[in-house]
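Engineer: Got a structure for you, questions after.
The values are calculated or read from the model by the stated rules, or taken from the named source; none is laboratory data. None of the values given here were measured: they were computed from a predicted structure. Methodologically, a virtual Cβ is constructed for each residue, glycine included, from the backbone with ideal geometry; neighbour enumeration extends over all protein chains shown. Heavy atoms of the whole protein, side chains included, go into the accessibility calculation; ligands, DNA and RNA do not. Shrake-Rupley method; radii C 1.70, N 1.55, O 1.52, S 1.80 Å.
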Amino acid sequence: KGLKEFIKDGFIKDDSKEIASFFLNYNSQLDKIAIGEILGELDKKDTTYFTDIRSSFTSLFNFRLMEVDIALRNFLQCFRLPG
């Protein structure tokens, strides 16, 4: 709901890359549960939209030369998994 308001008010564009960047850049000020719900969204009508956001969000991370546990910790601290 909040994301739709930001888009409607022109704070961010309705673009998967911009939404993903917004989640990462303002991560400390956003609700991690809400980010996780959006990243985990499985909307039957618009699966591509949420898949694009997930893909764009994941592509913002550089996991090269990281141990697997450190890479996972860095990634998972940005949102809370739903459920």
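Engineer: Filter segment 2-18 for residues that are assigned to a helix (DSSP H, G or I) and more than 19 Å from S55 (Cβ to Cβ) and give the result. Step through it out loud before you land on a result.
Structural biologist: Going residue by residue through segment 2-18, those that are assigned to a helix (DSSP H, G or I) are 2-8, 16-18.
Residues satisfying the conditions are G2, K4, E5, F6, K8.
Engineer: Could you list all residues from segment 19-42 that are farther than 12 Å from R54 by Cα and open to solvent by 60 Å² or more (accessible area, probe 1.4 Å)?
Structural biologist: Those that are farther than 12 Å from R54 by Cα and open to solvent by 60 Å² or more (accessible area, probe 1.4 Å): N25, Y26, S28, Q29, D31, I33.
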